[in-house]
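As structure tokens, the structure follows; a few thoughts come after it.
The values are calculated or read from the model by the stated rules, or taken from the named source; none is laboratory data. Since this is a predicted model, take the numbers as computed values, not measurements. Methodologically, a virtual Cβ is constructed for each residue, glycine included, from the backbone with ideal geometry; neighbour enumeration extends over all protein chains shown.
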Amino acid sequence: MYINNNSMSANVANSLTSHYSNLATSTQRLSTGLRVNSAADDAAGLAIRELMRSDITALQQGIRNANDAISLLQTADGALGIIDEKLIRMKELAEQAATGTYDSTQRLMIESEYQQMASEITRIANATDFNGIHLLDGTLSGPEHHGDGMTATGKMKIHFGTDNDSAEDYYYIQINSATASSLGVGNQADGTNKAYTVSTQEAAQKALVGLRDAIVSKDKIRANLGAMQNRLENTISNLTIQAENLQSAESRISDVDVASEMTNFIRNQILTQSAVAMLSQANSMPQMAMRLIG
């Protein structure tokens with residue numbers, strides 16, 4: 001029986017420290033809902049979790065990027081719908097001017113409206129923008145994309161992936177110009193274009209052919225926009241599923257199993273309380289030596 005060194009008390013104290021540390025860990029996990037709260041909990045798991053979290057947030061932003069691109073395409077398509085109305089009106093005017101029941105004065109009146117419609121097409125094409133980016137004036141018609149400057153030029157890159165792989169993480173939107181000169185209608189176009197004017201009966205007859213070609217050109221732009229919108233919607237669906245699966249995987253690595261951890265918490269709580277009680281008993285053991293002395 002020793003007085004100076006109470007090994008029994010030291011052993012119980014060590015057990016109490018261990019149980020209290022485990023109890024603190026269980027309390028932290030239950031309060032945060034996370035199994036991995038620091039690298040000490042699971043160094044490899046923490047590294048995998050943080051990579052997954054970065055990919056999840058990037059994918060969520062990629063979904064927003066793709067949705068913004070859809071809004072851009074819808075803006076362009078809406079403007080092309082108005083341009084479509086102007087082209088139809090121009091073809092109606094060309095048909096009117098092509099018949100022989102109008103004299104030169106009346107045909108010039110038709111010509112005036114015809115040219116106003118062409119000017120309005122150009123105005124719409126130049127004014128249509130999304131977040132300051134012009135859509136129908138040829139800004140996005142360039143075959144090459146250059147993004148090394150403060151303002152990107154050429155066709156638009158839509159980035160939605162977590163890396164920088166051209167096969168997986170982005171693709172381009174290219175929108176041809178829809179101005180009157182690009183469509184070949186009105187006096188803003190080249191004088192050799194068939195839809196240049198309807199000031200004479202012969203010119204009006206030629207304009208009917210030129211306007212048909214212009215409508216086809218415009219329809220090709222709209223068809224391309226529609227196809228790209230459908231592609232973006234499919235991309236969003238895929239990104240949503242990918243982000244959801246990554247979140248599930250990250251949860252299995254990082255989140256705490258509440259039922260299992262609650263069992264550990266109660267166990268550590270009981271062991272801690274027991275160790276406290278036994279430490280009190282162990283500290284009282286040296287007092288028994290007094291009975292021998294007495």
*asked:* Being among the aliphatic types (A, V, I, L, M) and modelled with pLDDT under 95 narrows it down to one residue among ILE63, ILE124, ILE83, ILE48; which is it?
replied: ILE48
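So for the stretch 196-212 (the condition being of a type in the set (Phe, Trp, Tyr) and in a loop (DSSP other than H, G, I, E, B)), does at least one residue qualify? Talk me through it step by step, then tell me what you get.
Going through the stretch 196-212, the residues of a type in the set (Phe, Trp, Tyr) turn out to be 196.
With in a loop (DSSP other than H, G, I, E, B) added as a condition, the list becomes 196.
Checking the stretch 196-212: at least one residue is of a type in the set (Phe, Trp, Tyr) and in a loop (DSSP other than H, G, I, E, B).
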*asked:* Pull out all pairs, ordered by first then second residue, where Cβ-Cβ is under 7 Å, the residues are six or more apart or on different chains, the first lies in the stretch 190-202 and is without any contact (Cβ under 8 Å) to a residue 24 or more places away in the chain, and the second is surrounded by fewer than 16 Cβ atoms within 10 Å (Cβ to Cβ) and among the hydrophobic types (A, V, I, L, M, F, W, C).
replied: LYS194/VAL209
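Looking at SER181, is it of a type outside the set (A, V, I, L, M), touching a Leu at 6+ places or on another chain (Cβ under 7 Å), farther than 13 Å from ALA69 by Cβ and buried (at least 17 other Cβ atoms within 10 Å of the Cβ)?
Values: of a type outside the set (A, V, I, L, M): yes; touching a Leu at 6+ places or on another chain (Cβ under 7 Å): no; farther than 13 Å from ALA69 by Cβ: yes; buried (at least 17 other Cβ atoms within 10 Å of the Cβ): yes.
Here the answer is no, as SER181 does not meet what is asked.
Of the residues VAL36, VAL12, which is among the aliphatic types (A, V, I, L, M), buried (at least 16 other Cβ atoms within 10 Å of the Cβ) and in a loop (DSSP other than H, G, I, E, B)?
Details: VAL12 fails: in a loop (DSSP other than H, G, I, E, B).
Of the residues listed, the single one that is among the aliphatic types (A, V, I, L, M), buried (at least 16 other Cβ atoms within 10 Å of the Cβ) and in a loop (DSSP other than H, G, I, E, B) is VAL36.
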_Residues within the stretch 105-142 that are in contact (Cβ under 8 Å) with a residue 24 or more places away in the chain and more than 47 Å from the chain's Cα centre (by Cα), tallied_ = 4
*Is there a residue in the stretch 66-79 that is hydroxyl-bearing (Ser, Thr, Tyr), part of a helix (DSSP H, G or I) and either in the same structural domain as GLU244 (by TED's automatic domain parsing) or touching a Leu at 6+ places or on another chain (Cβ under 9 Å) (or both)?*
yes
*Count of the stretch 221-271 residues which are part of a helix (DSSP H, G or I), surrounded by 13 or more Cβ atoms within 10 Å (Cβ to Cβ) and among the aliphatic types (A, V, I, L, M)*: 12
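Any chance the stretch 56-66 includes a residue that's crowded, with 16+ Cβ neighbours inside 10 Å and among the polar types (S, T, N, Q)?
So the first thing to find is which residues in the stretch 56-66 are crowded, with 16+ Cβ neighbours inside 10 Å, and the list is 56, 58-59, 62-63, 65-66.
Right, trim to among the polar types (S, T, N, Q) and you get 65.
Scanning the stretch 56-66, I find at least one residue that is crowded, with 16+ Cβ neighbours inside 10 Å and among the polar types (S, T, N, Q), so the answer is yes.
For the stretch 184-194, state whether one or more residues are closer than 30 Å to THR122 by Cβ, among the hydroxyl-bearing types (Ser, Thr, Tyr) and buried (at least 19 other Cβ atoms within 10 Å of the Cβ).
Residues of the stretch 184-194 that are closer than 30 Å to THR122 by Cβ, as a first pass: 184-194.
Next, only the ones that are among the hydroxyl-bearing types (Ser, Thr, Tyr) stay: 192.
Still in the list and also buried (at least 19 other Cβ atoms within 10 Å of the Cβ): none.
Checked the stretch 184-194: no residue is closer than 30 Å to THR122 by Cβ, among the hydroxyl-bearing types (Ser, Thr, Tyr) and buried (at least 19 other Cβ atoms within 10 Å of the Cβ).
Only one of LEU140, LEU87 is in a helix (DSSP H, G or I) and surrounded by 19 or more Cβ atoms within 10 Å (Cβ to Cβ); which?
Working: LEU140 fails: in a helix (DSSP H, G or I).
LEU87 is the lone residue from the list that is in a helix (DSSP H, G or I) and surrounded by 19 or more Cβ atoms within 10 Å (Cβ to Cβ).
Being free of Cβ contacts under 8 Å to residues at least 60 places away in the same chain and within 39 Å of the chain's Cα centre (by Cα) is the filter here, so list the residues in the stretch 253-267 that pass it.
We begin by selecting, within the stretch 253-267, every residue free of Cβ contacts under 8 Å to residues at least 60 places away in the same chain; these are 259-260, 263, 266-267.
Of everything in the stretch 253-267, those that are free of Cβ contacts under 8 Å to residues at least 60 places away in the same chain and within 39 Å of the chain's Cα centre (by Cα) turn out to be ALA259, SER260.
Does the stretch 175-183 include one or more residues that are under 21 Å from the mean Cα position of the chain (by Cα) and closer than 26 Å to ALA76 by Cα? Write out each step before concluding.
Of all residues in the stretch 175-183, those under 21 Å from the mean Cα position of the chain (by Cα) come to 175.
So of that shortlist, the ones also closer than 26 Å to ALA76 by Cα come out as 175.
Yes, the stretch 175-183 contains a residue that is under 21 Å from the mean Cα position of the chain (by Cα) and closer than 26 Å to ALA76 by Cα.
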